[in-house]
Every structure is written in structure tokens, then in C-alpha cells.
Amino acid sequence: MSEIVSYKQDGAVAVITLNRPDRMNSFTTQLSLDLLEALEQSNNDDSVRVVILTGEGRCFSAGADLKSGFDGNSVLDKLQHEYRPFFSAIASMPKPVIAAVNGSAAGIGMSLALQCDLMVMAENAFLLSPFTTISLVPDGGLNWLLVRQLGYRRAFQLSVESERIDAPRCVELGLANKSVPADELLGSAMEWAENLSKRAPLSLAATKKAMRHAMDYDWASSFDNEAELQDALTRSEDNAEGVTAFFEKRAPEFKGK
């Protein structure tokens, strides 16, 4: 796809890899644009049912490339017009996005990993919010993500102390789903993605939509939203196929219709 973001498809799984290992996959304007293009490609391809996002080399992403500066843009413009689009693409995509964190995920790299729907980490990987060490505030939606996942006090402590959160601790805190040996990371992520790709894609999409909605709204709104989604799903071909397969004691063949 490009020199700094690779895109490969294996069956129903798309693998997007940040590919600036010499710069620890740190973000420039071009990396942001190429990542967004890769996410849009996977979103628009009906043959893709699950996406894996990972990094080349020893880092998932070290965050913003401070040496490259801000390419002539203000920080506000960079956050709103470069970073926000790919974060929104992950959230709005109806397909599960798995972060396969192969090393350090710091700054905007940590935000990117946490924005994904699921996360598997190499046992030697870690998350880091280093902003207070350079007199900045966590960004890329990181405050929202951490407070909702950890609660205010724990989120505040991890951020202001710039604590390096290793993979086992991330699993314990619920920031990651699981950790595996480093040499098994991509294999584990691929196996997970392949298993998910066999599940009803309309159901996966609706569940993602319902749960993302529930993070922002109250119980009543969430109840209404899931009722509407459920009503639509009961009229789908995949629902009929799933019920039929259940009674016939066979694996369902979902078509996303």
C-alpha cells in the first residue's frame, strides 16, 4: 500500500502494519494519511471481516515523531485533522479491529492501541502515557479512554506518573484482553481474527455499535438502541441461517445479509 503502512489480506482478515521501524513507527503527517487510507480500504472491502493493526520491528508506535515537528501545522490542526480521522475510522468501522501490540505503545501510539476493539500484547510489550514528562496533556482521546476503562483516580495516577504499564498489568487492569509470548503474537492475533471472521458479521457490527454507543449514553438510550438493532437483525438472512444451523446441529454459513 505504501512504504510506511503495509496492507495484506489473508482470507477474511486484513493486517495493517505501521512500517517505520527505524523511527519506532512514530507518527508523521504521511503515516497518519496512509493509516487512514488502509483503514478505509479494509472498511470498504466486503471480503474483509476482521482487521489486525500492528507495528513492524520492536515498537507498536512510539507516538508522535517529535524530530519531524508538526510539518508546519499547529498542534490543534494535527490532532483534529490528522489523528482524529483514523481514530474515528476505527470506532465507526463495523468490523472488529484487533491491536497486536508487539512492543512499546506510547503517547498517540497508546491511544491508537486502546481505540481498537480488542488487544493482544506481546509479554514484553507495554503501554506508556509519557506526556507529563514533557509538560503536555494526554491526547488522541486518551483521557476519555483511560477514565472510562479504569476510573478517574487510577487513570489520573497512571498518566501523571507516566507509569510504564507492562502486558500482564494491562490484562489485569482490563486495558488488554490477553498477552502471549512475543514470537507467538501475530499467530495468536491471526487465529483470534480468523475465529471472529466465522461469526455473523452483522451481529459483530451491531454489537460493536451498541457497545460504543453505551460508552457515551445512558441506560435508557442504550436500551432503545439495542432494541432497534435487534429488531433489524431478526429480519436478516444470517439470523435465519443461524437459527436453522442451530437446530440442524451444523456450523452456520453467514453471508453478511
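The values are calculated or read from the model by the stated rules, or taken from the named source; none is laboratory data. This one's a predicted model, so the numbers in the text were calculated from it and none came from an experiment. Heads up, the Cβs are rebuilt from the backbone with ideal geometry, glycines too, and the neighbour counts pull from every protein chain shown.
Please state which of the following conditions residue 206 fails to meet, knowing it meets all the rest: (1) modelled with pLDDT of 95 or more; (2) more than 21 Å from residue 10 (Cβ to Cβ); (3) of a type in the set (A, V, I, L, M); (4) assigned by TED's automatic domain parsing to the domain that holds residue 102.
With (1) modelled with pLDDT of 95 or more; (2) more than 21 Å from residue 10 (Cβ to Cβ); (3) of a type in the set (A, V, I, L, M); (4) assigned by TED's automatic domain parsing to the domain that holds residue 102 applied to residue 206, the lone miss is (4).
Being β-branched (Val, Ile, Thr), modelled with pLDDT of 95 or more and more than 17 Å from residue 16 (Cβ to Cβ) is true for just one of 108, 134, 90, 165. Which residue is that?
The conditions single out 165.
How many residues does segment 134-147 contain that are surrounded by 13 or more Cβ atoms within 10 Å (Cβ to Cβ) and in a helix (DSSP H, G or I)?
6
Pick from 150, 146: which is touching a Ser or Thr at 6+ places or on another chain (Cβ under 8 Å) and farther than 21 Å from residue 10 by Cα?
146
So in segment 74-86, with the set limited to residues that are touching a Gly at 6+ places or on another chain (Cβ under 9 Å) and surrounded by fewer than 21 Cβ atoms within 10 Å (Cβ to Cβ), which one is farthest from residue 138 (Cα to Cα)?
For segment 74-86, the residue satisfying everything is 84.
Residues to consider are 102, 44; find the one that is crowded, with 24+ Cβ neighbours inside 10 Å and either of a type in the set (Lys, Arg) or under 30 Å from residue 205 (Cβ atoms) (or both).
102
Residues to consider are 22, 46; find the one that is in a helix (DSSP H, G or I) and farther than 18 Å from residue 125 by Cβ.
It is 22.
Identify, by number, the condition in (1) part of a helix (DSSP H, G or I); (2) over 30 Å from residue 121 (Cα atoms) that residue 253 doesn't meet.
(1)
With the requirement that a residue be among the aliphatic types (A, V, I, L, M) and under 10 Å from the mean Cα position of the chain (by Cα), what does segment 102-118 give you?
112, 113, 114, 118
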